[in-house]
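Structure record follows, encoded as structure tokens.
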Amino acid sequence: MLAPCLPYVVAALGGLASGLAAAHDDTHTYKRNSAPLATVTYTTAAGDTLYEIAGRFLRDQHDWTVLSRLNHVPAPRRLQAGIPIRLPVALLRQDRESARVLATSGPVERAFGTGPYTPLARDMQLGEGDRVRTGHGGFATLELVDGSHVSVSQDSMIEIGKLRQTVLTGASDRVIELPHGEVDSEVTHATQKDDRFQIRSPSVVAGVRGTRFRVTYDAGQQQTAVEVLDGAVGVDPGSTAAPAPGVPLQASAQLVAARFGNVSGASGTIGAPIELLAAPSLSDPGKIQDGPGVAFDLVPDSHAAGYRAQIARDADLLDLIRDLPVSAPHADFGELPDGTYFVRISAIDHNGLEGLPQTYGFERRQLGLSASATRRPGSRDYTFRWFASRTGVATRFRFVLAATPDLRNPILDRPDLPAGEIVVTDLPRGVYYWTVIAEQFENGRFYEKGSSIRSFTLAR
């Protein structure tokens, strides 16, 4: 766990009140050591005693004496059914929860406390004190019991500081510490006002309700960026104590709404909300990624200082496998196995804030096509040859020869060629342009791949 002297960025989740049958919100307070404590009310069942109530709901069963004084009930005695008994919230017992590793990719490790790091694998169960770190090209997503997700980006580290649920009220208390790097969180909306979801990094204190947001801590710049995609995030100086259960989000010094973000430094000065850039678009969203590498061209945004492209196996990008920040609207990921993937793109402004994302599905299906042309010695004949790299699939070819680079009004247009060769004889002098198109039908879909348009000059 991080040293307690450090300030933290905290993303804290609260929600609407939701009472249980035996536990109700109560505005009463109980003073113990002169500190006011909020209470909740438990309605007794037949045969209950203060001993049993303390044993079931309090951290220390010996605190039945606190219940006796607070409720003016002598002990031991059996209580009648239907009696309201107030219990201090601060003394309620909390059960530990676990987080399941939903997906990993690349170099990802975990350690408990100060123990050694070992590889992190899918379906592992993590709890308080566990640390996760990712290397370059490494990603991990954790799933909490309520369906919330925490995705750890490459070159990042998190520690699970707290992962608990209060027995009587059902309120959740989650703390994820972020010493460096980035966490992308999708939090299920809270059902109780005492629910909390916190992400802490060394800079500011931020409080959130069920939402989608990112927190990035740059250790070199000692600053934290908060970007809100859905919901709202309240941001306070790092010296601000964690709010008491049920304190509304609007009490924060700075409220960052959806589609806004802010950047705050180590000085404690909270950055003003800045509107996030709109989501960019792909120039050719329907393109089949059939080349040697996977690459995307984005429609340029004049307000963008850069862009970010990410590839995942799922549309929600929980199973992330590639992450590429670029300065120009072009992202080249290199080799990628065949399959169906999703790419999420966003623009980055001059403050370093990442804008709203846009996600596209795409198919990776490698189909290389090589082609060549050779003049027969002492003649005006040309032999054209070609080869499609994807074997095992029935392939037909189309050959086009023209006198202009746009291939309009072709001199020769031969479709449905079964072999990878054609000979054109007695060509007159001039400049010629040509291409070959491979056509395949596989798994109910039609695919085609054209070679580059090439040219040659026949002088005599």
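With under 21 Å from Ser281 (Cβ atoms), buried (at least 16 other Cβ atoms within 10 Å of the Cβ), in contact with a Leu (Cβ under 9 Å, 6 or more places away or on another chain) and of a type outside the set (A, V, I, L, M, F, W, C) as the only criterion, which of Arg390, Arg344 stands out?
Details: Arg390 fails: under 21 Å from Ser281 (Cβ atoms).
Just a single option satisfies the conditions, and that option is Arg344.
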Filter region 310-340 for residues that are in a strand (DSSP E or B) and touching a Ser or Thr at 6+ places or on another chain (Cβ under 8 Å); the one that is farthest from Gly450 (Cα to Cα) is Leu320
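Taking Ser346, is it closer than 30 Å to Asp236 by Cβ and assigned to a loop (DSSP other than H, G, I, E, B)?
On the way: closer than 30 Å to Asp236 by Cβ: yes; assigned to a loop (DSSP other than H, G, I, E, B): no.
No, not satisfied.
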**Request:** Using the structure shown, decide if Ala371 is without any contact (Cβ under 8 Å) to a residue 24 or more places away in the chain and either out of contact with any Lys or Arg (no Cβ under 6 Å at 6 or more places or on another chain) or of a type in the set (Ser, Thr, Tyr) (or both).
**Result:** no
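I'd like to verify a number: residues in region 201-232 that are outside any loop (DSSP other than H, G, I, E, B) and at pLDDT 85 or above, how many? Spell out how you get there, then give the answer.
Within region 201-232, the first condition is being outside any loop (DSSP other than H, G, I, E, B), and the residues that meet it are 204-209, 212-218, 223-230, 232.
From the residues that got through so far, the ones that are at pLDDT 85 or above too are 212-218, 223-230, 232.
Number satisfying all stated conditions: 16.
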### Query
Just a yes or no: is a residue in region 263-271 without any contact (Cβ under 8 Å) to a residue 40 or more places away in the chain and either assigned by TED's automatic domain parsing to the domain that holds Gly355 or closer than 18 Å to Gly352 by Cα (or both)?
yes
Restricted to region 175-192 and to residues being in a loop (DSSP other than H, G, I, E, B) and surrounded by 19 or more Cβ atoms within 10 Å (Cβ to Cβ), the residue modelled with the lowest pLDDT is Gln192
Counting only strands (runs of 3 or more DSSP E) wholly inside region 47-143, the ones holding at least 3 residues that are touching a helix residue (DSSP H, G or I) at 6+ places or on another chain (Cβ under 7 Å) and in contact (Cβ under 8 Å) with a residue 60 or more places away in the chain are none
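In this structure, is Val150 in a loop (DSSP other than H, G, I, E, B), touching an Asp or Glu at 6+ places or on another chain (Cβ under 9 Å) and of a type in the set (Val, Ile, Thr)? Steps first, please.
Details: in a loop (DSSP other than H, G, I, E, B): no; touching an Asp or Glu at 6+ places or on another chain (Cβ under 9 Å): yes; of a type in the set (Val, Ile, Thr): yes.
Here the answer is no, as Val150 does not meet what is asked.
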In region 443-458, anything of a type in the set (Gly, Ala, Ser) and closer than 13 Å to Tyr382 by Cα is listed as Ser455
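Residues to consider are Thr404, Thr435, Thr359, Thr391; find the one that is modelled with pLDDT of 95 or more and in a loop (DSSP other than H, G, I, E, B).
Result: Thr404 is the single residue among Thr404, Thr435, Thr359, Thr391 that is modelled with pLDDT of 95 or more and in a loop (DSSP other than H, G, I, E, B).
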Notebook entry, point to check: Right, Glu354: outside the structural domain of Asp332 (by TED's automatic domain parsing), surrounded by 12 or more Cβ atoms within 10 Å (Cβ to Cβ) and touching a residue at least 40 places away in the same chain (Cβ under 8 Å) or not?
Noted result: no
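When you go through Ala279, Ala295 one by one, which is the residue that is under 25 Å from Gln154 (Cβ atoms) and in contact with a Leu (Cβ under 6 Å, 6 or more places away or on another chain)?
One residue alone meets the criteria, Ala279.
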Val228 passes all but one of the listed conditions (1) closer than 21 Å to Leu318 by Cα; (2) surrounded by fewer than 21 Cβ atoms within 10 Å (Cβ to Cβ); the exception is number (2)
### Message
Quick check on region 106-122. Is at least one of its residues of a type in the set (S, T, N, Q), surrounded by fewer than 21 Cβ atoms within 10 Å (Cβ to Cβ) and more than 25 Å from Leu67 (Cβ to Cβ)?
### Response
yes
(request) Can you confirm whether region 90-100 contains a residue that is crowded, with 20+ Cβ neighbours inside 10 Å and out of contact with any Ser or Thr (no Cβ under 6 Å at 6 or more places or on another chain)? (result) yes
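So is Leu163 under 22 Å from the mean Cα position of the chain (by Cα), on the phi < 0 side of the Ramachandran plot and not β-branched (Val, Ile, Thr) or not? Walk me through how you get there before you give the answer.
Values: under 22 Å from the mean Cα position of the chain (by Cα): yes; on the phi < 0 side of the Ramachandran plot: yes; not β-branched (Val, Ile, Thr): yes.
Yes; evaluated as a whole, the condition is true for this residue.
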Flagged in region 412-460 as of a type in the set (Lys, Arg) and in contact with a strand residue (DSSP E or B) (Cβ under 8 Å, 6 or more places away or on another chain), in numbering order, are Arg414, Arg429, Lys449, Arg454
By residue number, the members of region 332-350 that are over 15 Å from the mean Cα position of the chain (by Cα) and closer than 8 Å to Arg308 by Cα are Ala347, Ile348
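The values are calculated or read from the model by the stated rules, or taken from the named source; none is laboratory data. Keep in mind that this is a model prediction, so the values were computed, not measured. Here the Cβ is made from the backbone with ideal geometry for all residues, glycine too, and neighbour counts use every protein chain on show.
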